[in-house]
Amino acid sequence: AADKINVIPQDFFAELCEQIIQHLNHKIPGVDTVELCQRLQTSGIEVNVDDLAKITNIISFLFSTAARNNLSTEDLVTALGNAVSTLPKHAVQVIRHVWNEQGKSVSMSDDPASMATVGQFVDIKWKLGVAMSSDTCRSLKYPYVTVTLKVADPSGQITNKSFEMTIPQFKNFFRQFKEMAAVLETV
Amino acid sequence: MAAAEQQPAAAEGCKPLGALLNGIAQAAYYGKADITEELLRGQLYPEAAPEEFRALRAKMGGLLQSIASADMDFNQLEAFLTAQTKKQGGITSDQAAVIAKFWKNHRAKIHESLVNQSCWDNVLKNMNWRVDLKSQSRHIDQINTPVAIVEMELGRNGQESEFLCLEFDEAKVSQMLKKLSEIEESMTALTQTT
């Protein structure tokens, strides 16, 4: 994965590191690797989501370890140099810069029990369609809604989960969230 | 007088016909693959010769398929069945009555089955939730805030599920409700125009 860092242009790599440190600072729920990957591919960079996810994990681990050990920027760069000798120069520059600017505000909790075990809901996109006919039924005519949930898993990776609902299923889904809101209000 | 060919006694053929239609539906729409032709013949038309029964089953199956595919309403069905009684090699008016009664009782369920058969994407199979009081957190400011923990079971029909466990604070639930309201508005607009 370290060699894949070579193919990522400096500005994209800087953006990635920014997102990672913002996630560690709890400013954003996670790193949107899918979206970043799409933009990289559009720019003609050959990289897939898995590669990007691996790189994200490596950098995230790097920053969180540095935070736990209260490393200064110079210590971090030294440690980096010892661990990964094949990192391109621009990557080291980016890491040094990001850590210098925002490293101090990353606080790592020592208590593993406080680590989230559930994902975070980020956003929902939807589309409403009507299935008109199929090979088994010429007159289907049923409306359904497709939703895509953007979720951040505990490690901070953002993924999309999509599924379909018929009208009755949707109504039930809606009702459950209304109930949730009511309970949250009273607690 | 309907031009029907030789078939098992017409008058009492009506009771087994209803059961035959049910058997055909079980196999075609309700997924009961073990309801074979032999089984049906043995149980419903024991006196009929195999080829005779095969022809009857094929004819009834074909009619049911046409009716189900068009999801016929009462008027369409009446017109369709009347035409069938006038055809050479069609059905008797008694049989038409049995078919009409069967469709009336099974239409919704068969249509639902056809709808499910054309759903190949993930569906929400189940959903559970509870509200917790967050007592530990990375953030001091999140202590003692209520959060909803939602577990969603997602998967394709007949395949293994994936369980998605998500946390929603009050703001996130509001965000969700806002989007769901949008969906509901669109649905209402849609069902009003169709």
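The values are calculated or read from the model by the stated rules, or taken from the named source; none is laboratory data. As the structure is a prediction and not an experimental result, all values here were calculated from the model. Here Cβ is always computed from backbone atoms with ideal geometry, including for glycine, and neighbour counts include all displayed protein chains.
Details
- Taking the numbered list (1) part of a helix (DSSP H, G or I); (2) at pLDDT 85 or above; (3) out of contact with any helix residue (DSSP H, G or I) (no Cβ under 9 Å at 6 or more places or on another chain) in turn, A:Ile21 passes all entries but (3).
- Restricting the first member to the stretch A:18-29 and to residues that are polar (S, T, N, Q), and the second to residues that are in a helix (DSSP H, G or I), the beta-carbon pairs closer than 6 Å and six or more apart or on different chains are A:Asn25/A:Ser105.
- Search result, residues across the stretch A:33-57 that are part of a helix (DSSP H, G or I) and more than 14 Å from the chain's Cα centre (by Cα): A:Arg39, A:Leu40, A:Gln41, A:Thr42
- Boolean, B:Leu39 is farther than 25 Å from A:Leu140 by Cβ, modelled with pLDDT under 90, more than 14 Å from every other protein chain (Cβ to nearest Cβ) and in a helix (DSSP H, G or I): yes
Conditions (1) acidic (Asp, Glu); (2) surrounded by 18 or more Cβ atoms within 10 Å (Cβ to Cβ); (3) under 24 Å from A:Ser139 (Cα atoms), marked per residue:
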site: B:Met127; (1), (2), (3): no, no, no
site: B:Arg130; (1), (2), (3): no, no, no
site: B:Val147; (1), (2), (3): no, yes, no
site: B:Leu154; (1), (2), (3): no, yes, no
site: B:Phe163; (1), (2), (3): no, no, no
site: B:Thr191; (1), (2), (3): no, no, yes
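- The stretch B:13-24 residues that are in the same structural domain as B:Thr92 (by the TED database), paired with ones that are buried (at least 17 other Cβ atoms within 10 Å of the Cβ) and among the basic types (Lys, Arg) (beta carbon under 8 Å, 6 or more apart): B:Leu20/B:Arg57; B:Ile24/B:Arg57
- Extreme residue, surrounded by the fewest Cβ atoms within 10 Å (Cβ to Cβ), among residues of the stretch A:142-177 that are among the hydroxyl-bearing types (Ser, Thr, Tyr) and farther than 30 Å from A:Gln22 by Cα: A:Thr146
- Considering A:Val34, A:Val77, A:Val47, the condition of being farther than 27 Å from A:Val151 by Cβ and at pLDDT 85 or above is satisfied by A:Val77 alone.
- Residues of the stretch A:67-103 that turn out to be touching a residue at least 40 places away in the same chain (Cβ under 8 Å) and farther than 19 Å from A:Gln10 by Cα, as a count: 3
- Strands (runs of 3 or more DSSP E) lying entirely in the stretch A:119-167 (those with 3 or more residues that are more than 17 Å from B:Leu124 (Cα to Cα) and at the interface with chain B (Cβ under 8 Å from one of its Cβ atoms)): A:119-131
- Residues in the stretch A:36-56 that are touching a strand residue (DSSP E or B) at 6+ places or on another chain (Cβ under 8 Å) and either without any contact (Cβ under 8 Å) to a residue 40 or more places away in the chain or of a type in the set (S, T, N, Q) (or both): A:Thr56 only.
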